[in-house]
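Engineer: Structure incoming, see below.
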């Protein structure tokens with residue numbers, strides 16, 4: 001099971017190594033890559049996008065999150 005909040009926290013703080021670890025652990029636990037992508041990484045980025053749209057965060061924070069997401073997508 002993917003905990004979207006854990007992915008969201010790691011992405012929103014730009015924790016590249018944590019995102020990599022979360023992704024690797026999920027895949028090692030047998031979670032399909034599509035599920036990790038859709039329920040973990042993309043769902044977290046959707047929340048970040050909502051916060052951006054609402055003016056709660058700005059471009060630099062979105063870019064930090066996108067960089068962390070890219071690191072997770074390498075796997």
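Engineer: Could you tell me whether residue 40 is surrounded by 12 or more Cβ atoms within 10 Å (Cβ to Cβ), on the phi > 0 side of the Ramachandran plot and modelled with pLDDT of 95 or more?
Structural biologist: Numbers: surrounded by 12 or more Cβ atoms within 10 Å (Cβ to Cβ): yes; on the phi > 0 side of the Ramachandran plot: no; modelled with pLDDT of 95 or more: yes.
For residue 40, the condition - surrounded by 12 or more Cβ atoms within 10 Å (Cβ to Cβ), on the phi > 0 side of the Ramachandran plot and modelled with pLDDT of 95 or more - is not met.
Engineer: Additional query: Return the residues of region 1-14 that are closer than 15 Å to residue 67 by Cα, buried (at least 17 other Cβ atoms within 10 Å of the Cβ) and more than 8 Å from the chain's Cα centre (by Cα); say none if nothing qualifies. Walk me through how you get there before you give the answer.
Structural biologist: First, the residues of region 1-14 that are closer than 15 Å to residue 67 by Cα: 7-14.
From what is left, the residues that are buried (at least 17 other Cβ atoms within 10 Å of the Cβ) are 7-8, 10-12, 14.
14, the sole residue that qualifies.
Engineer: If you don't mind, another one. Considering only region 43-60, state which residues are assigned to a loop (DSSP other than H, G, I, E, B) and surrounded by 12 or more Cβ atoms within 10 Å (Cβ to Cβ). Give the steps one after another, and end with the answer.
Structural biologist: The first filter runs over region 43-60 and keeps only residues assigned to a loop (DSSP other than H, G, I, E, B), leaving 54-58.
Result: 57, single match.
Listed here are the residues, each with its yes/no results for (1) in contact with a helix residue (DSSP H, G or I) (Cβ under 6 Å, 6 or more places away or on another chain); (2) loosely packed, with under 13 Cβ neighbours inside 10 Å; (3) over 17 Å from residue 9 (Cβ atoms).
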| position | (1), (2), (3) |
| --- | --- |
| 21 | no, no, no |
| 25 | no, yes, no |
| 28 | no, yes, yes |
| 62 | yes, no, no |
| 67 | no, no, no |
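Engineer: Let me ask something else about it. Failed condition for residue 72, given (1) modelled with pLDDT of 95 or more; (2) in a helix (DSSP H, G or I); (3) surrounded by 14 or more Cβ atoms within 10 Å (Cβ to Cβ), with all others met?
Structural biologist: (1) is the only condition that residue 72 fails.
Engineer: Does residue 34 count as free of Cβ contacts under 8 Å to residues at least 40 places away in the same chain and under 14 Å from residue 8 (Cβ atoms)?
Structural biologist: no
The values are calculated or read from the model by the stated rules, or taken from the named source; none is laboratory data. If you're wondering where the values come from, they're calculated on a predicted model, not measured in any experiment. Here the Cβ is made from the backbone with ideal geometry for all residues, glycine too, and neighbour counts use every protein chain on show.
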